[in-house]
Amino acid sequence: MRRLVAETSLRPQDLVLPMFVAEGIDDPRPIGSMPGVVQHTRASARDAVREARELGLGGVMLFGVPERKDAIGSGGLDPDGILNVAVADAREVAGDDLLVMSDLCLDEFTDHGHCGVLDDRGRVDNDATLEVYGRMGVAQADAGAHVVGPSGMMDGQVGVIRAALDAAGHQDVAILAYAVKYASAFYGPFREAVDSSLQGDRRTYQQDPANARESVREVLLDVEEGADVVMVKPAMSYLDLVATVRATVSVPVAAYQVSGEYAMIEAAAERGWIDRDRAIEESVLSVRRAGADIVLTYWAAELGRRL
Ligand code: PBG
């Protein structure tokens, strides 16, 4: 009876697996604060993409961990940069059966760890960053990304990337916009995952957890600029926004269950304080119930195996 009347489902095709691919490593490298998640080598990333495809997941979201970082994040534009080659590898394995998505942001590539380039006073320069994002989007599309995911929270990023993709003949590459993204403590373990040495914080461009209304403005702007999917991030502490966004726009809504959400459940389970498998399913189900069509979760493959 419970199965018959269940309102919400969890299916492999609703899940997207975020993956880290590191340059210049010979073996996958465990991420201490995210037990079970690794920085992949190019070879192990291919295997993980193959598994994601076989499990019928909706997609993979790729993050690059470059060997060298610089002030302007040039590794993100280089066709031989780690993210772009990882996208090409993934696309080769995925074909058109699994969506290959790439994170479109500079923070993995900059030595200061910010999502954009800095002006001469050390502040993130919104408009100078947009120009770089446009070129980065084209590089990722050239590499074979089906979907690019701008996550830097620069104003106007979706419009600029859409125009750059179209001008380069990539009209069919979609944009999954991190539309609602809070300046959150729950990104903590991600810093270790991408070897980031962030100087300062992201509060000048990510949202204040005290605010909800500006999220509506953010998603409406992104949809107007051409977003195909809008995302809310983090997920569990922002389920109210997932529900609001679902009710506000007609494009698909995604939510990102971030590194800190993963780490909390894994850590509590390791201590025997909660039932790991039930907690994982309940947490992802709650994000779906709040209104997310798509959930990005580090448990995507595990859930795909279990479902
Ligand atoms: C930015 C980006 C971040 C995450 C995804 N994309 C870090 C940030 O904005 O600070 C965090 C994901 C996670 O914590 O799992 N490229």
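Every number in this text was worked out from the coordinates using simple rules, so none of it is lab data. Everything numeric here is computed off the predicted structure, so don't read it as measured data. Note that each Cβ is placed from the backbone with ideal geometry, even for glycine, and that neighbours are counted across all protein chains shown.
Annotations
- The Cα atoms of segment 1-90 give a gyration tensor whose axes a ≥ b ≥ c have a/c of 1.5 or more with a/b greater than b/c, which makes the shape prolate.
- Where GluC sites (Glu not before Pro) in DSSP loops with at most 15 other Cβ within 10 Å are excluded, longest remaining stretch of the chain: 68-307
- Contact order normalised by residue count of segment 170-307, Cα under 8 Å, 6+ apart, percent: 26 percent
- Shape analysis of the chain places it in the rounded category; the axes a ≥ b ≥ c from the Cα gyration tensor give an a/c below 1.5.
- Each of Arg3 and Asp70 was given a label point 7 Å from its Cα along the Cα-to-Cβ line. The distance between the two points is 5.8 nm.
- Length added when fully stretched, Ala183-Arg203, from 0.36 nm per residue minus Cα-Cα: 6.6 nm
- Computing FRET efficiency as 1/(1 + (r/R0)^6) for Ala279 and Asp27, where r is the C-beta to C-beta distance and R0 is 30 Å, gives about 0.50.
- For segment 37-45, putting each phi into the Karplus relation 6.51 cos²θ - 1.76 cosθ + 1.60 with θ = phi - 60° gives couplings of 10, 10, 7, 7, 7, 4, 5, 5, 5 Hz, in residue order, rounded to whole numbers and with x for Gly and Pro.
- Euclidean distance between Cα centres, segment 120-151 to segment 285-307, Å: 28 Å
- Residues with amide H under 5 Å from that of Gln207, placed H, sequence gap 5 or more: Lys181, Tyr182, Ala183
- Note on Asp293 and Ala267: their simple-model spin labels are 3.5 nm apart, each label 7 Å out from Cα toward Cβ.
- Distant-in-sequence amide contacts of Leu104, defined by a placed amide H-H separation under 5 Å and a gap of 5 or more residues or a different chain, comprise Gly149, Ser151.
- DSSP bridge pairs, the chain: antiparallel proportion in percent, nearest 5: 10 percent
- Sequence of Trp273, Trp299 once ranked by neighbouring C-beta atoms within 10 Å, starting from the fewest: Trp273, Trp299
- Among the trypsin sites (Lys or Arg not before Pro) found in segment 63-103, those both in a DSSP coil and sparsely packed, with 13 or fewer other Cβ atoms within 10 Å of their Cβ, are Arg68.
- Beta bridge orientation in segment 1-156: antiparallel %, DSSP, nearest 5: 15 percent
- Whole-Hz ³J(HN,Hα) from phi, Karplus 6.51 cos²θ - 1.76 cosθ + 1.60, for segment 223-236, glycine and proline x: 5, 4, 7, x, 5, 8, 9, 10, 10, 10, 7, x, 9, 5
- Gyration tensor verdict on segment 229-290 (Cα atoms; rounded if a/c is under 1.5, prolate if a/b is larger than b/c, oblate otherwise): prolate
- Full extension of the chain between Asp127 and Arg306 yields a length gain of 60.0 nm, computed as 0.36 nm times the residue separation minus the alpha carbon distance.
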